[in-house]
Each structure stands twice: as structure tokens, then as C-alpha cells.
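Here's the structure, in C-alpha cells; my notes come after.
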Amino acid sequence: MELLQHYFPQLTTKQIEQFQVAAEYYRYWNKRINLISRKDIEALEVHHFLHSLAIAKAFPLQAGKVLDFGTGGGFPGIPLAILYPQISFHLVDSIQKKVNVVHEVCTGLGLQNTHSDTIRVEHLKEKYDYITCRAVAPLAQIYQWTKHLYLHNSKQQHNGWILLKGGNLHEEISQFGKRLYQIPIQDFFKEAFFEQKYVLHFN
């Protein structure tokens, strides 16, 4: 976890240990349900842990409730939950076997600030200060799926949608119709993997 410690020197011994244990869990489970591609599991620290934590570099969080939808194996939710033990994270996905892994990892890490559910995001009723995901759908679709979940009177700094997306987003953003911030992840992490990867924020 040398890169994590390099970019996040404030990590406690407990947090470093949690990331190390998380890596062991992901390698264990990946052999059983192919949760992450082989290429990605070999580069877990960069492709999943650091990528998730780009949100913390771009828009540091202080408190509140976070929805991580389409969480898959728990990204970006689990790395952020390790970094922010004072913040509540709800990790949801529509695929049961993925949520089972999320539950196992969170339990194994002793994370008290997470809960996970197998549910389509459209069926959720709670309200959240932040909505995150590693976006695999167009911005307009993500907004339609989740707009009923956003706590509009949130008092938290940087409240709203904080998404991880990659590629050329100019056309998608121009068609979205909402003002947003697009921050290159290479502003924070210099690894080649982060070329053309961004943190997006809007509310």
C-alpha cells in the first residue's frame, strides 16, 4: 500500500491495515465469482483503491450520508468508508452475489459506517447528502435514476452527485444541461491509468 500512503500520508495504522485486509478479501473472492478482471485485481491499489479515493482528493467530505449505487464489489464506497469512518455509507447493487461480497468485506474490516442492500436504485426511498458511483451510464440517466434520493436542503460541503467517469465526456456533458465541475484525476495521481479519468460534481 505504498502508493496509498504516499498520496494519503494522514492514513492511520488501522486504516492501512484495513486496506491490506481488503486486498486479501478481494483476491480471495475474485477467484470464486470473478468480481474484478484479472488485470484489475493485479493492480488493485491503483485501479480500485486510488481510483475510488480520487473523490476525496477532489471534494473532501466532512460528514453526512453517502449513497454508492451500482457499487459492484464496493467501489468507490468501501475505500471511502475506510477513509471517512465518521460518514455513513449505503452501498447498493442489483446483483446479489456482488452485494454478498461487499457485506463480507465490510464485516471483515469491522466497518461500522456501512450497510449494503441488493436493490435497484429506483426503488430506494432514503435521502442522501452525496450520491456516488463509478459511472457506467450517461449523466442524464444517472440523474433520472437518483434525483429522488438527493437531500436538497443538505448543509454538507460539496453536497450532490460526485461521480467517477472516463473518456471524452465533452458531448455528454454539453447535452446534460446542468452545470458541473470536471476535475482530471491526474491532477492528484500521476499514474498513467488515470489519463482521461475524471471526478464529476453537480447538484
Of Lys39/Lys127; Lys14/Lys178; Lys65/Lys98; Lys57/Lys98; Lys65/Lys165; Lys39/Lys97, which sit over 31 Å apart, Cα to Cα?
Lys39/Lys127; Lys14/Lys178
When the chain is modelled as a GNM with alpha-carbon springs shorter than 10 Å, which of Gly73, Gly167, Gly64 fluctuates the most?
Gly167
Under Stokes-Einstein, segment 1-81 at 25 °C and 0.890 mPa s, with its Kirkwood radius over C-alpha pairs, diffuses with a coefficient in µm²/s of 184 µm²/s
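Tell me, Kirkwood radius of segment 85-143 from alpha-carbon pair distances, in Å?
Value: 12.8 Å, from the Cα pair sum.
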Under the classification rounded if a/c is under 1.5, otherwise prolate if a/b is larger than b/c and oblate if not, where does segment 147-203 fall, given a ≥ b ≥ c as square roots of the Cα gyration tensor eigenvalues?
oblate
Report, in deg cm²/dmol and to the nearest 500, the calculated mean residue ellipticity at 222 nm for the chain, where each DSSP H run with n ≥ 4 adds -39500 (n - 2.57) and the sum is divided by the residue count.
-11000 deg cm²/dmol
Spacing of the two label points (7 Å from each Cα toward its C-beta) at Leu3 and Ser174, in nm
3.3 nm
Accessible solvent surface per residue of segment 45-203, calculated while the other protein chains remain in place, 1.4 angstrom probe, Å²
44 Å²
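The values are calculated or read from the model by the stated rules, or taken from the named source; none is laboratory data. A quick note: this is a predicted structure, and the numbers were derived from the prediction, not measured. Neighbour counts are summed over all protein chains in view; Cβ atoms, including those assigned to glycine, are modelled from backbone coordinates with ideal geometry. Remember, those area values only see protein heavy atoms, side chains included, never the ligands or the DNA or RNA. Shrake-Rupley method; radii C 1.70, N 1.55, O 1.52, S 1.80 Å.
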